[in-house]
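Written below as structure tokens is the structure these notes are about.
Values quoted throughout were computed directly from the atomic coordinates according to the rules given, and no laboratory measurement underlies them. In this text the structure is predicted, and so the values were computed from the model without any measurement. So basically every Cβ, Gly included, is an ideal-geometry build from the backbone, and we count neighbours across all protein chains shown.
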Ligand SMILES: *Cc1c(COP(=O)(O)O)cnc(C)c1O
């Protein structure tokens, strides 16, 4: 477990790096990337120091794990904005919408339909991103780049303004820059303004390339234990 003061100074270091990166991007035209603190595998004792210091954006990649810790944390800190950044199964949509404010991983029509159905039933209005599999990796979630325009158009019809942007996870052993650039190109030509891209290893680059949100886990919380 990483000590609370270390977690807070890690967050500060990530913020400073992003501020520097934002200055390199478009002469400060875009606001600097917001930091989603990715708290997967970490417990309340690691998350609370950030909440108490006023950090509001957190990310989890598994619905079930998030259900185990976030209802209580959100009750204590109601302004928390919880982001689902991992793949979502259609049969977990109800639980996901009950807990998450933002979903980054819409990637297929069936999931979009299921989310719409649940929204209509519950009146929930989550903010939504489409995940694009920029590296076309068979094991990875996300719409294929060549199918993205059609899928975005379909989702815009279903979700209107709730669909705000695109998300990607570049292949682990490739230069991330071309993937960030591709994501931005697809977003721009489809009139979407928000980009969810960049993790601990490349959030500075992602910010400099116009990320709206970076998803940072280990650079804030320390290395995760292997599962
Ligand atoms: C775990 C995870 C992250 C954060 O990874 P780090 O390298 O620890 O910053 C970001 N995005 C997704 C989708 C993740 O699953």
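Just report the Cα centroid separation between segment 160-212 and segment 76-126, whole Å. Answer, in whole Å: 20.
With only the Cα atoms considered, segment 89-152 has a convex hull volume of 85 Å³ per residue. Peptides 1-12, 38-49, 199-210 ranked from most to least packed by the mean count of surrounding Cβ atoms within 10 Å: 199-210, 38-49, 1-12. Across all Cα atoms of the chain, the radius of gyration (one decimal) and Dmax (whole number) stand at 16.8, 47 Å.
Would you please put 79-88, 168-177 in order of how densely packed they are, using the mean number of other Cβ atoms within 10 angstrom per residue and starting with the highest? Don't skip to the answer; put the middle values down first.
Working: 79-88: 20.2, 168-177: 16.6.
Those peptides, ordered most packed to least, come out 79-88, 168-177.
Just to be sure I understand: of the beta bridges DSSP finds with both ends in the chain, what percent are antiparallel, rounded to 5? Each step should come with its number before you reach the end.
Values: 0 of 24 bridges.
Of those bridges, close to 0 percent are antiparallel.
Here the label points at residue 225 and residue 65, each 7 Å from Cα along the C-beta direction, are separated by 1.2 nm in the simple model. The value of relative contact order for the chain, using C-alpha pairs under 8 Å at least six residues apart, is 23 percent. Measuring spread by the Cα atoms of segment 33-123 yields a radius of gyration and Dmax of 13.2, 39 Å.
For segment 1-119, the relative contact order works out to 19 percent when only alpha carbon pairs closer than 8 Å and six or more residues apart are counted. Maximal additional length on extending the residue 2-residue 158 stretch stands at 51.9 nm, based on 0.36 nm per residue less the C-alpha distance. The label point for residue 56 and the one for residue 189, both projected 7 Å from the Cα toward the Cβ, are 3.5 nm apart.
Relative to the present Cα-Cα distance, how much length would full extension add between residue 16 and residue 117 at 0.36 nm per residue of separation? Before the final figure, lay out each step's value.
Numbers: separation 101, 0.36 × 101 = 36.36 nm, distance 4.11 nm.
Taking residue 16 through residue 117 to full extension adds about 32.2 nm, to one decimal.
With the convex hull drawn over the C-alpha atoms of segment 133-180, the volume per residue is 78 Å³.
Only helices enter this figure: runs of n ≥ 4 DSSP H residues, each worth -39500 (n - 2.57), summed and divided by the residues of the chain, yield -14000 deg cm²/dmol at 222 nm to the nearest 500.
Using a Förster radius of 45 Å, what is the FRET efficiency between residue 9 and residue 173 based on their Cβ-Cβ separation? Nearest 0.05, please.
On the way: r = 30 Å, r/R0 = 0.67.
My answer for the efficiency is 0.90.
As a length-normalised measure over Cα pairs under 8 Å and 6 or more apart, the relative contact order of segment 127-207 settles at 30 percent.
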